[in-house]
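Below: one structure in structure tokens.
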Amino acid sequence: MSEYARITVTLTQPVAAGRNARADFRQETHNHVPGSVLRGALAAAWIRRRGRDIARSPEFVETFEGTGSFGPLHSEGSLPVPLSVKKHKYASSDGCGSEWDAAYGERATTCEACGDPLVFSKGQPRGRVPLEHRTMVALSPKGVALDGQLFSQSTLKEETSLSGWLHGPATHAVFCDDEPIRTLSLGSRRSLRGSVTVHVDTEATPAPIECVGEDIILRLASPAVFCDDFGFPMDRPDLVELSEVLGVAALEVTDAWTRWGEVGGWHAASGLPKPVERAVAAGSTYRVHFAEAPSLESRRALATRGIGLRRREGFGALYVAPPRPEAHA
Ligand SMILES: [Zn+2]
């Protein structure tokens, strides 16, 4: 089995992967499936197939609690616009460039064609993700409608396909008892639906992390957790980790476009929220200088492995910017 595997899910029901509940009772939806949700759904499938005791086996622990990575599942439009990218502040007209990426050294402040100001991305989705909105009634554990507890929920539409990568021991998660897992139920127990079919491609070749001269460009597809030697949160990747994974000395983070965010979550066993932690937001981008250009194969592996801590929970996933039709000075 190879070091990484491409997983694609296709929704057979609308999926609501709940984010933090909001004060106005409108539940926000991720426009993608976070790695933590994928991991939880695969672990649940193992337990359904092989019983609760499987969760104590070394095989299960290595797969779900080990050094592997469960990346987020995205559609073409749901990946964030990198924070290093500038766009028109207002709608651009025909004949104007659409993106200027400071990670490639494109430092324009106004569009050369129309003169309009350019502003940095806030990490919004790159394209449109089809969502449905519906108002629902909250149910008690017995399935009885709770009085007055209406909430509005957005869901990802049926037939949407989303893809991502598993890396290391996490690739074993899609086979249980040597049988492939073909269907999954996504979404937290607070959401009511979420069946998907699963397709796994162990021969797929990931796009390598971008390399410009002796520099690589890292773009976060999910929030990342980095900390210093004392355990304090940092907003920079670890050069020692990068050197080990790529097999070449990482010398310096020469440029960074980052935002802080907060991550929490829901601990299923206790039914309590997890503590909120600081994390670097998805869309954050780094340019890192190396002693020499890292190999193509090592950059492919890094693209699926991700960076930083808690990768098995979906943190620190990376993505590669799609090729662009035009470039700017
Ligand atoms: Zn313009």
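The values are calculated or read from the model by the stated rules, or taken from the named source; none is laboratory data. Just so we're clear, the structure is a prediction, and the values are computed from it rather than from any experiment. In this analysis, Cβ positions are derived from the backbone assuming ideal geometry, glycine residues included, and neighbour counts consider all displayed protein chains. Side chains included, ligands, DNA and RNA excluded: accessible areas come from the protein's heavy atoms. Shrake-Rupley method; radii C 1.70, N 1.55, O 1.52, S 1.80 Å.
Consider segment 288-303. How many of its residues are over 19 Å from ASP228 (Cα atoms) and not in a loop (DSSP other than H, G, I, E, B)? Walk me through it before giving the result.
Of the residues in segment 288-303, the ones over 19 Å from ASP228 (Cα atoms) are 289-303.
Now narrow it down to the ones that are not in a loop (DSSP other than H, G, I, E, B): 289-290, 296-303.
So the count comes out to 10.
Any residue in segment 222-229 that is among the acidic types (Asp, Glu), touching a residue at least 60 places away in the same chain (Cβ under 8 Å) and in a loop (DSSP other than H, G, I, E, B)?
The first filter runs over segment 222-229 and keeps only residues among the acidic types (Asp, Glu), leaving 228-229.
Right, trim to touching a residue at least 60 places away in the same chain (Cβ under 8 Å) and you get none.
There is no residue in segment 222-229 that is among the acidic types (Asp, Glu), touching a residue at least 60 places away in the same chain (Cβ under 8 Å) and in a loop (DSSP other than H, G, I, E, B).
What number of residues within segment 96-108 satisfy the criterion of being open to solvent by 60 Å² or more (accessible area, probe 1.4 Å) and either in contact with a Phe, Trp or Tyr (Cβ under 9 Å, 6 or more places away or on another chain) or within 8 Å of the ligand (Cβ to nearest atom) (or both)?
Our first condition is that a residue be open to solvent by 60 Å² or more (accessible area, probe 1.4 Å); within segment 96-108, this holds for 104, 107.
Retained after the next criterion (residues that are either in contact with a Phe, Trp or Tyr (Cβ under 9 Å, 6 or more places away or on another chain) or within 8 Å of the ligand (Cβ to nearest atom) (or both)): 107.
The total comes to 1.
OK, next. Kindly indicate whether any position in segment 239-252 is part of a strand (DSSP E or B) and more than 16 Å from GLY308 (Cβ to Cβ).
Keep residues of segment 239-252 that are part of a strand (DSSP E or B), which gives 250-252.
Among the residues that remain, those that are also more than 16 Å from GLY308 (Cβ to Cβ) are: 251-252.
Yes - at least one qualifying residue is present in segment 239-252.
Residues of segment 27-55 being farther than 26 Å from THR10 by Cβ and open to solvent by less than 60 Å² (accessible area, probe 1.4 Å), which ones?
Result: GLY51, ILE54, ALA55.
Something else about it: Any residue in segment 91-102 that is outside any loop (DSSP other than H, G, I, E, B) sitting within a Cβ distance under 6 Å of a residue that is more than 9 Å from the ligand (Cβ to nearest atom)? List the pairs, counting only those 6 or more apart or interchain.
Final answer for the pair search is TRP100/LYS86; TRP100/GLU106; TRP100/ALA108; TRP100/HIS328; ASP101/SER84; ASP101/VAL85; ALA102/SER84.
Let me ask something additional. Answer yes if at least one residue in segment 166-175 is surrounded by fewer than 16 Cβ atoms within 10 Å (Cβ to Cβ), farther than 21 Å from GLY123 by Cα and at pLDDT 95 or above, and no otherwise.
Quick first cut of segment 166-175, residues surrounded by fewer than 16 Cβ atoms within 10 Å (Cβ to Cβ) only: none.
Within segment 166-175, none of the residues are surrounded by fewer than 16 Cβ atoms within 10 Å (Cβ to Cβ), farther than 21 Å from GLY123 by Cα and at pLDDT 95 or above.
Between PRO80, PRO117, PRO58, which is away from the ligand (no atom under 16 Å from the Cβ), at pLDDT below 95 and either open to solvent by 20 Å² or more (accessible area, probe 1.4 Å) or not β-branched (Val, Ile, Thr) (or both)? Reasoning before the result, please.
Values: PRO117 fails: away from the ligand (no atom under 16 Å from the Cβ); PRO58 fails: at pLDDT below 95.
After applying the criteria, what remains is PRO80.
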